[in-house]
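Here is the structure we will look at, set down as structure tokens.
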Amino acid sequence: QIQLVQSGPELKKPGESVKISCKASGYTFTDYAMHWVKQAPGKGLKWMGWINTYTGKPTYADDFKGRFVFSLEASASTANLQISNLKNEDTATYFCARSTIAPFFDYWGQGVMVTVSS
Amino acid sequence: DIQMTQSPASLSASLGETVTIECLASEDIYSNLAWYQQKPGKSPQLLIYDASSLQDGVPSRFSGSESGTQYSLEINSLQSEDAATYFCQQHHDYPYTFGAGTKLELK
């Protein structure tokens, strides 16, 4: 069955970095795009961008340019999100989600809670 | 950016009732709209895409429709498991944006 399994929760201090992984199984990894979505505590969903799993090309929403990096370990069917210079406002759950060429999200990871606190 | 104005923010309904949730797009999104259900502590689940296409495995009591830039999600014959927060998402143009969500409570 199709699964996106994300890494575990993270507790970080401001200024540190974090890397979150999303391992896909049950389908051909490079046939689907991978997107990243942020959900701050008690808030709604915010699309961060996506990565073309065939070419490795990332596309970032404006609010996520600079400190956020999408990457792949295609041989391991894994997408990664790295956030550098963490700020308190990065405290959120981060989801990976796959899509076909049409960017709605049919499978989601379970989410990773990242807490940034001094 | 395309703004998605979702209403109501919350609603309460009884088992067996029918409810409607709406999303108004700030511009034409050409039916490129999806609806998701999210339960506490869980990831969102796709219900509807392309405004009215039912995702595989989703009960037929969920349906989507559109009128101009107004999109609606209707849930018929409410069941206890339908208590959740519902989000719309436009998948027409970058950045893909979500509505603020509607929290559905069952009486």
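Bear in mind that the values in this text are calculations on the coordinates, not laboratory data. Since this is a predicted model, take the numbers as computed values, not measurements. Counting neighbours? That spans all protein chains shown, and the Cβs are built from the backbone with ideal geometry, glycine included.
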Under a Gaussian network model of chain A whose springs join Cα atoms within less than 10 Å, the largest fluctuation of A:Pro14, A:Pro41, A:Pro58 belongs to A:Pro41
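Just counting partner chain Cβ atoms within 10 Å, what average do the residues of peptide B:90-101 show around their Cβ?
Working: counts 3, 6, 2, 1, 8, 10, 13, 5, 6, 2, 3, 3.
Partner Cβ neighbours, averaged per residue: 5.
More than 30 angstrom separation, counting every C-alpha pair in the protein assembly as shown; what % is that?
The proportion of pairs with Cα distances above 30 Å equals 24 percent.
Enumerate by residue number the chymotrypsin sites (Phe, Trp or Tyr not before Pro) in region A:38-79 meeting two conditions: DSSP loop (anything except H, G, I, E, B), and at most 16 other Cβ atoms within 10 Å of the site's Cβ.
Values: sites: A:Trp47, A:Trp50, A:Tyr54, A:Tyr60, A:Phe64, A:Phe68, A:Phe70; in loops: A:Tyr54.
Of the chymotrypsin sites (Phe, Trp or Tyr not before Pro), the ones in loops of region A:38-79 whose Cβ has at most 16 other Cβ atoms within 10 Å are A:Tyr54.
When A:Met34, B:Met4 are ordered from fewest to most other Cβ atoms inside 10 Å of their Cβ, what list results? Could you put the intermediate results ahead of the total?
Numbers: A:Met34 26, B:Met4 23.
So the residues, fewest neighbours to most, are B:Met4, A:Met34.
Would you mind counting up the charge near B:Thr85? Only other residues with Cβ under 12 Å from its Cβ, with Lys and Arg at +1 and Asp and Glu at -1. The partial results should precede the final answer.
Working: positive: A:Lys43, B:Lys39, B:Lys42, B:Lys103; negative: B:Asp82, B:Glu105.
Net charge around B:Thr85: +2.
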What three numbers, in Å, describe the spread of the alpha carbons of region A:14-64 along their principal axes, ordered from the longest? 35, 21, 21
Residues A:Leu11, A:Leu72, A:Leu4, B:Leu33 arranged by fewest to most Cβ contacts within 10 Å: A:Leu11, A:Leu72, A:Leu4, B:Leu33
If you project the alpha carbons of chain A onto the principal axes, what extent comes out on each, in Å, largest first? 41, 27, 26
On each of the three principal axes of the Cα atoms of chain B, give max minus min coordinate, whole Å, ordered largest first. 36, 25, 23
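Just want the ordering: A:Val114, A:Val37, B:Val58, from fewest to most Cβ atoms lying within 10 Å of their own Cβ. Mind dumping the intermediate values first?
Values: A:Val114 20, A:Val37 25, B:Val58 16.
Exposure proxy ranking, most exposed first: B:Val58, A:Val114, A:Val37.
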